[in-house]
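Heads up, the thing below is written out as structure tokens.
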Amino acid sequence: MAEAKGPAARPLSPHLRIYRLTLTMLMSIVHRITGIALYVGTLLLAWWLLAAASGPNAYATFQAVASSFIGRVVLFGYTWALVHHMLGGIRHLIWDSGHGLGLAEAEWLARANLVGSIALTILLWFVGGFLMGGLR
């Protein structure tokens, strides 16, 4: 049996100091975070529906919170999380079909996911806010 010569003689397992953080790794982490954020954001959706069903006073309370600066930041973040998570799901569906698995393609899909989620969120808020009169 071979004798160990201290901790320096043991092979190192892969860990965070060895791996370089790549965009695809970051998008995987963000996909999980947006999934968690969608659970929390669903509580906002439930509050909105309950307030609408409870009458004008309850809905006015929700409207006051949602139209405040912090409320709009939270709603904007929820919209981004929803769009980002959806595009991440499409990215995973592409991978499940056997396409986009190369390094260059995976990097391109990760960039498209990030840029697309930001662009679609801004577009949704522009359409909902300015063209449909939602932001007052």
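The values are calculated or read from the model by the stated rules, or taken from the named source; none is laboratory data. Because the structure is a prediction, the values reported are computed rather than measured. Positions of Cβ are backbone-derived with ideal geometry, glycine not excepted, and every protein chain shown enters the neighbour counts.
Conditions tested, residue by residue: (1) touching a Lys or Arg at 6+ places or on another chain (Cβ under 9 Å); (2) closer than 22 Å to V115 by Cβ; (3) modelled with pLDDT of 95 or more.
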position: G6; (1), (2), (3): no, no, no
position: L12; (1), (2), (3): no, no, no
position: L21; (1), (2), (3): no, yes, no
position: T24; (1), (2), (3): no, yes, no
position: A46; (1), (2), (3): no, no, yes
position: A66; (1), (2), (3): yes, no, no
position: A81; (1), (2), (3): no, yes, yes
position: M86; (1), (2), (3): no, yes, yes
position: L101; (1), (2), (3): no, yes, no
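Summed over region 64-82, the residues that are surrounded by 14 or more Cβ atoms within 10 Å (Cβ to Cβ), of a type in the set (G, A, S) and either under 13 Å from the mean Cα position of the chain (by Cα) or not in a helix (DSSP H, G or I) (or both) give a count of 2. It is to be established whether one or more residues within region 115-129 are modelled with pLDDT under 95, over 19 Å from L38 (Cβ atoms) and exposed (fewer than 11 other Cβ atoms within 10 Å of the Cβ). Looking for residues that are modelled with pLDDT under 95, over 19 Å from L38 (Cβ atoms) and exposed (fewer than 11 other Cβ atoms within 10 Å of the Cβ), one finds none in region 115-129, hence no.
Checking the structure you have, find out if any residue of region 90-97 is assigned to a helix (DSSP H, G or I), closer than 12 Å to T24 by Cα and not basic (K, R). Walk me through it before giving the result.
Of the residues in region 90-97, the ones assigned to a helix (DSSP H, G or I) are 90-96.
Those still in the list that are closer than 12 Å to T24 by Cα too: 91-92.
Next cut, not basic (K, R) only: 92.
Among the residues of region 90-97, at least one is assigned to a helix (DSSP H, G or I), closer than 12 Å to T24 by Cα and not basic (K, R), which makes the answer yes.
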